[in-house]
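I have placed the structure first, in the form of structure tokens, so that the comments after it can refer back to it.
Bear in mind that the values in this text are calculations on the coordinates, not laboratory data. Not measured: the values here are computed from a predicted model. Quick reminder, even Gly has a Cβ in these numbers, built from the backbone with ideal geometry, and neighbours come from all protein chains shown.
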Amino acid sequence: MARQETLAAVDLGSNSFHLQIGRVVDGQIYPLDSLREVVRIGAGLTADKRIDRATQARALEALRRFGERLRGFPRASVRAVGTNTLRVAKNAPQFLREARHELGFPIEVIAGREEARLIYLGVAHAMPPAPHKRLVIDIGGGSTELVIGTGLEPQLTESLYMGCVSYSLKYFSEGRVDKSRFKAAELAARQQVAGIVLGYRAAGWQEAVGSSGTARSIEAILRENGYAEQGITRDGLERLRSLLVKQERADPERIAGLRANRAPVLPGGVAIMSAVCDELGIEAMAVSEGALRHGVLYDLLGRVQHKDMRAATVAQFVRRYHVDAAQVERVRRLALTIYDALAPGREREDDADRQMLEWAAALAEIGLSIEHAQYHKHSAYVLQNADMPGFSRMEQQRLARIVLAHRGKLGKMHDAGLEAADWPLVFALRLAALILRRRTDVKLPLLRVAPDEGGFEIELAQSWLDDNPLSAAALEDEAGHWKSVGMKLAVSGLSDKKVSVLNRG
């Protein structure tokens, strides 16, 4: 990947959208610019889990402004991620198509635990190095992430389905606050946290840290009202809770330190923070300036510097599922050779499709550890549903599609969502797996491949086809599989004379 001196992260949160731009100097990122838009996309979710059109319009307008700021940035320098609301909204795919157009860059929807990993990365880089374990708590608009880690490495990650926007709407409708509403909100939050308490207490931590808008807002109010000198304390939270009940609403005119744009979602955030502290026995926590967008920047920096978390995840999956490493390497090399031959001269270093093919080749056989028959279906299921640090949901779904299509009948893939850019990857992986089905180190035949109108062409030495009738028959069947999806695969044999000429060339 080309060296990038300026990187940008876009965080499409359920409460606010953030754009963070930083300059890379000696492996560190120094802030250059930031933009924040209070879109509150989570509040636009209808009862049937669809983002209403008015909220979409606000979101698209915010992304249009972000897109103007990012104009001229290389594709590899920008990463945009969506969180909880875009995970649950039924019309997220349609919205994301419009959003990508306005922003000018792809938008990835990340899973909850991936969000937690990135949040921890952002917080860890924003705080002084420490040898002890930290518990990071991030209350977002639609979800709350809790992470225990040491240094830059998260060790325990969790994402709970509760956030300051969703809880404020559900338990504090029209901004009304009273004891019974707080009690109901806190009880619901405690029930969410209860499921992870044993595991988190067993792991232990020496320092609790709050991140993102809810934590920073609570800290500012506690400090301005004299409830705590710094950070967030249990006593300060109780006093803030009492103040909100007394005022009967989160009123910026009457509560020092409360910003007007934070007021509508403060009660839900305070209820969740109180419940987390009660369940986990937290008396005090520091507050960090680091957040998801900062973690996205550092994760992007890792990709630029060839320290991609996704590569580490692929290697870990290969080990976990006891994949035949020698066969992986054979298939990987041949699949990439076939892919490169389809478009000679294409730049390889920043080719995301080529990277996707490499990962698919490595992970295609993880299902063998479950069952040999139909193993590709097991592989695809794991890839679609497992926690894969570094990968977005879209990347996991694409990996699963390619792996599912790499063997067996292609006709079954009509409803699998394969896109035009997927087919060359499927072709390269299917052909490599077919030729290398003996799973041994053998001399490969002369092989020429090329794209054809509506499909692909393969040329092989006729003598090799004659000596390998099983593979020859499989290639004939392969042409039928491609025909079933409306594509052509032409297979032809080359004479020994032609092969000799090509080899001399």
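About its Cα centre, the dipole of the chain is roughly 480 debye, where the only charges are +1 on Lys and Arg Cβ and -1 on Asp and Glu Cβ. Counting only alpha carbon atoms, the long axis of helix 92-103 and the longest principal axis of the chain meet at about 90°. Computed with the Debye formula from one identical point scatterer per Cα of the stretch 128-287, without solvent, the log10 of I(q)/I(0) at q = 0.08, 0.17, 0.20, 0.21 Å⁻¹ comes to -0.21, -0.93, -1.27, -1.39.
Projected over all directions and averaged, the alpha-carbon convex hull of the stretch 194-277 occupies 5.9 nm². Here the stretch 84-127 is treated as a Stokes sphere of Kirkwood radius computed over C-alpha pairs; at 10 °C and 1.306 mPa s its diffusion coefficient rounds to 133 µm²/s. The length gained by stretching the chain between D178 and V25 to full extension, at 0.36 nm per residue less their Cα-Cα distance, is 50.1 nm. By other beta-carbon atoms within 10 Å, ranking S180, S484, S274 with the fewest at the front produces S180, S484, S274. Against the main long axis of the alpha-carbon atoms of the chain, helix 309-320 sits at an angle near 70°.
When you filter the trypsin sites (Lys or Arg not before Pro) in the stretch 39-126 for DSSP loop state and at most 14 other Cβ atoms inside 10 Å of their Cβ, you are left with K49, R71, K90.
Length available on full extension from D48 to L32: 0.36 nm per residue minus the Cα-Cα distance, which gives 1.7 nm.
Label separation (Q155 vs H101): 4.9 nm, computed from points 7 Å beyond Cα along the C-beta direction. Nearest 10 degrees is fine. How inclined is helix 292-304 to the longest principal axis of the chain, computing both from alpha carbons? It works out to around 30 degrees. Can you bin the stretch 48-134 into rounded, prolate or oblate? Criterion: square roots of the alpha carbon gyration tensor eigenvalues sorted a ≥ b ≥ c, rounded for a/c under 1.5, prolate for a/b above b/c, oblate for the rest. It is oblate, given that a/c is not under 1.5 and a/b is not larger than b/c.
A compact globular protein would have a Cα radius of gyration near 2.2 N^0.38 Å; the ratio found for the chain is 1.13.
Filter K49/K412; K443/K488; K377/K443; K133/K307; K377/K483; K409/K483 down to the pairs with a C-alpha to C-alpha distance above 18 Å, please. Over 18 Å Cα-Cα: K49/K412; K443/K488; K377/K443; K133/K307; K377/K483. Placing a pseudo-label 7 Å from each Cα along the Cα-to-Cβ vector at D324 and N225 gives an inter-label distance of 6.6 nm. Taking one equal scatterer on every alpha-carbon of the stretch 308-441, how large is log10 of I(q)/I(0) by Debye at q = 0.10, 0.14 1/Å? Computed log10 I(q)/I(0) values: -0.28, -0.57.
One Cα centroid belongs to the stretch 438-469, the other to the stretch 27-86; the line between them spans 47 Å.
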